[in-house]
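What follows is a short report on a single structure.
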Amino acid sequence: MNEILLSNEVIVYLLSETLLYLLLFIAFLVTLGLLKKWNFNAFTAEQFILENRSYLVMTIIFFVILLKVVLLPYFVYTIDNLSDLIPGAMCGAGVIKANGYGNPLLILKIIILFLSGLWLTVNSIDLGAKNYPYLKLKSWFFVFIFILLSTEFALDILYFTHIETSNPVSCCSVIFGQIGGANGLPFGLDIPKLMILFYLLFLLLVLAILADNALLTIVASILFASISYYAVVYVFGTYIYELPTHQCPFCMLQDHYYYIGYLVWGLLFLGVFFAIDSAIMYYFFKINSKALKKISLILLGLFVLLSSAYIAVYYIKNGVFL
Amino acid sequence: MMIEINSVNKIYNEGTPQAFEALKSIDMHIDEGEAIVLSGVSGSGKSTLLSLIAGLDKPSSGKIIVDGELISKLPDLHASAYRAKTVGVIFQHFNLLESLSVEENVMATLIPSGFDMITIQEMTRKSMALASISHKATTDVKSLSGGEKQRCAIARALVHEPKLILCDEPTANLDRANSLKFIEILHSLHNMGKTIIVATHDPLFESLSFVRRVIHMRDGAIGNE
Amino acid sequence: MLGKRLMNSTFLHFLTLLLFKQKSKHIGAVLISVIIIFLLSAVLFISSSLQHSLLSTLKTQADFSVSRVQAGKSVNTPLEWVDKIMEINGVSKVAPRVYGRYFFTPRENAFLVVGIDFFDEQNSEELKKLVEQLDLKTFLSSEGMLVGEGVKKFLSAHYFKDYFTFKTPQGSFKKVKISQTLPIKANLIANDMIIMPIDLAREIFGMEEDEVTDVTFNVPNDAEWDNIITKLHLMFYDVRVVEKREIKKAYENLYNYKGGLFLILYLVTITTFILILYQRYSMVYSTERKEIGILRAIGWSIKDILKLKFYENLTIVLVSFILGVILAYLYVFIWDAPLLSQIFLGSANLSNNVSFTPVVEFGLLGSIFLFYAVPFLAAVLIPAWKVAVTPPKEAML
């Protein structure tokens, strides 16, 4: 445990998370005050101070989300570096599985980023109105996110303090691959069916966005995101590694694949986020944001293009598929 | 540019022993294009009233409506947009950014509005010409004379072509010659159709041709019209 | 939405103007920042460069080395083990080695004496290169040795300029010529090393012809590693096996440990730094408050002011970071880090002058950046907010 904690990256990571959590805690306390005493129609000096304090909350959240967007890839980078210290781990996949906290932590991080992005959208809309109509809503929303953030922080500490360098872990080929005879794909899909589903859902999502159908967009986004996960790990990944048995979401984040993983996962995440974001804006707040829709379409398009390109390039170079 | 002021009160340090009623139940109506003068000694509340109309402060109770918009209860984002679009304020102590040049001070108003650089430069040029300060465009404000600073402040207050001009004791730090020049500029602004409110106790303003009304204020209330 | 307004170029233009005209305000913060980043970067550059060199040397080493133990201590290993090991399946490049530490009494300094068979294929790339450059005939005919920089300097200081007389365990003296000095580039490893023909080494250490210090070999298939270790233990009851992967882990831990120590020191420094910053930026300088008040009065919203402060601080962070890193780079990789390098190399044995090979990874820079930027920005966030929300009227009085 000690070597883990003393590695430079882990120290930097935990330090940053701690500082951010402190700021968030302050924001939380202020939000509680806001929830208790907010009365927009009062002309008191106190109300005026509350309005100022709400700016503190949004500044902190904005700052934190900005840094968490940077810290997520940094977390992955830290994990990847730790794979040298843990027997059996060849990439981040093994390190994440070093104890039971790893997976929930990663998933929670992604969810938090997502919800924080939504919070910023609600905040934007709230500021645009003349009487802070969504102040209570966004405050409660933040309280909820804060609970998740506290869990994340606890998991951070638990995870890093419970990595045993003496216990060997499985490598990604065992976790994701077919070495153990595991199929891994849900609903008994095989590769061709997976690919068809992937492109179909992509089309569905694009149409939903263009048709301004908020509900369908949300549903299609979630479906597409899930399918994309499997598609990237089980198909696109294998073309990136040029090895049909190498199925791993983490290895593509390493330097010998030119860190392309960050781009692939990043484009997917952002594309889906903006799609859902614009859908929620439209459905709940009746605001149609063309810009957001455009961005999400572009990002999603790039994601599909990039992933497919690996297959195309391989086919062109070798004349066959894997 | 119609300004409606209904039962406006302003109490500082409310609820404490130092509570001070700066404005007591003010009612006022100002038409578009009108030029009025608020006169009274310092402490009479005229500056406070001006800052409320400018959206720089909020009343303790009552309503202020400018052009149909209730500005007394606007959140900051909208209040500042109101100031940046509709109001131009000329302060007693000029309140310029000393470390910047005249040009930069004038531009500052336009920066958050999202105009592109060329438009901003054009508007700045026009405004400086109007205030006769173009020849000092690149000089740092700290090396200007009192009269020149005033003209810079005027240029800044006009650059965004506001409909409402508010002046707080504009001639307090000027000599007579410059004060007269200032009044001339006000006159031309009035001719452009702008609504003008001047808060001052300078007797020069008591009997100006273009000023429709002189409202006397005393102890936070309106004396006589 | 957010993105568009954030990137307003006129805004940035105005900001740069403002910053430029008020640089004296921020000089203090920039100075301290640069110093901190410089020290931090220098330490990390040195440690990662050292680690890199060590690991790359390690790469060329054999996977395993075995020696005989007696009473828990390594003793001379029988040469016949070589044949036995060669018989194991999956083993390649079996090579015996003769080496040891020779103590120069009464000074208590030691040289690492390595004996190699100059005609054999060498395991290590470095040695291979060296041997290729030698004029073997002349070298072997005169009983000579190759010495590292540190050794050469040390011997000169003790009046041994062209040769050195070893004292063997049997009590006799052996005079050996100093034929050549090992290249400076290899100083990290070779500084206190002496390389000589294997038989000469045996003489100096009083070893028999059929004895060696240990036997090294490779096992290309890493799945076999654990198997091989078991086999070895079955073959010889008195064997000790040292695996390269353990050494690698040990080196990495060592550098993390030493690096970690420094990082803890920095934690203390940075905490102080944050406190100073918070204090300084909290002191509401009346000029800054007034200026912000003026901006608010002419129509800047709280959001605009916050944007201003954010960019302002970000610029300070970026400028300090770039300056600090560049200075550290120059210090470590161009000037070879005087002073700091001693702390890392531990001037325990012989004095060593190492030149660091430039190794800079983005991850390292990212770590330095985060380590500095997060505390800095976190510390100035609340003071910036405080200044942004002061009611304009108040600020202008």
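The values are calculated or read from the model by the stated rules, or taken from the named source; none is laboratory data. Here the structure is a predicted model, which is why all the values come from computation and not from measurement. Positions of Cβ are backbone-derived with ideal geometry, glycine not excepted, and every protein chain shown enters the neighbour counts.
The table below lists the values:
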item	result
Candidates C:Ser49, C:Ser74 - the one that is within 25 Å of the chain's Cα centre (by Cα), of a type outside the set (A, V, I, L, M) and more than 20 Å from C:Ile195 (Cβ to Cβ)	C:Ser49
Matching residues, segment A:237-260, being part of a helix (DSSP H, G or I) and either among the aliphatic types (A, V, I, L, M) or touching a residue at least 40 places away in the same chain (Cβ under 8 Å) (or both)	A:Thr238, A:Tyr239, A:Ile240, A:Cys251, A:Met252, A:Leu253, A:Ile260
Subset of segment C:365-382 [more than 7 Å from chain A (Cβ to nearest Cβ) and of a type in the set (Phe, Trp, Tyr)]	C:Phe369, C:Tyr372, C:Phe376
Strands (runs of 3 or more DSSP E) enclosed by segment C:61-114 - at least 3 residues per element that are within 16 Å of C:Val241 (Cβ to Cβ) and in contact (Cβ under 8 Å) with a residue 12 or more places away in the chain	C:64-70, C:92-104
Check on A:Val30, surrounded by fewer than 22 Cβ atoms within 10 Å (Cβ to Cβ), in contact with a Leu (Cβ under 9 Å, 6 or more places away or on another chain) and within 11 Å of another protein chain (Cβ to nearest Cβ)	yes
Residue tally, condition of a type in the set (S, T, N, Q) and farther than 23 Å from C:Lys23 by Cβ, over segment C:265-320	4
Helices (runs of 4 or more DSSP H) within segment B:25-133 that include 2 or more residues within 16 Å of the chain's Cα centre (by Cα), free of Cβ contacts under 8 Å to residues at least 60 places away in the same chain and within 8 Å of chain C (Cβ to nearest Cβ)	B:76-86
Members of segment A:6-34 found to be farther than 20 Å from C:Trp385 by Cα and not polar (S, T, N, Q), listed by number	A:Leu6, A:Glu9, A:Val10, A:Ile11, A:Val12, A:Tyr13, A:Leu14, A:Leu15, A:Glu17
Segment A:1-22, subset within 8 Å of another protein chain (Cβ to nearest Cβ), surrounded by fewer than 21 Cβ atoms within 10 Å (Cβ to Cβ) and at pLDDT 85 or above, residue farthest from C:Tyr251 (Cα to Cα)	A:Leu22
Unique residue being crowded, with 17+ Cβ neighbours inside 10 Å, within 14 Å of another protein chain (Cβ to nearest Cβ), under 30 Å from B:Lys73 (Cβ atoms) and of a type outside the set (Val, Ile, Thr) when the list is A:Leu85, A:Leu135	A:Leu135
Sole exception among (1) part of a loop (DSSP other than H, G, I, E, B); (2) among the hydrophobic types (A, V, I, L, M, F, W, C); (3) on the phi > 0 side of the Ramachandran plot for A:Phe187, by number	(1)
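Yes or no, residue by residue, for (1) in a helix (DSSP H, G or I); (2) aliphatic (A, V, I, L, M); (3) crowded, with 16+ Cβ neighbours inside 10 Å; (4) at pLDDT below 85:
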site	(1), (2), (3), (4)
C:Lys177	no, no, no, yes
C:Gln180	no, no, yes, yes
C:Ala186	yes, yes, yes, yes
C:Ile195	no, yes, yes, yes
C:Leu200	yes, yes, yes, yes
C:Glu208	no, no, no, yes
C:Thr216	no, no, yes, yes
C:Pro220	no, no, no, yes
C:Ala223	yes, yes, no, yes
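Residues checked against (1) among the aromatic types (Phe, Trp, Tyr); (2) crowded, with 17+ Cβ neighbours inside 10 Å; (3) within 14 Å of chain B (Cβ to nearest Cβ):
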| position | (1), (2), (3) |
| --- | --- |
| C:Ile276 | no, no, no |
| C:Tyr285 | yes, no, yes |
| C:Tyr311 | yes, yes, yes |
| C:Leu318 | no, no, no |
| C:Phe321 | yes, yes, no |
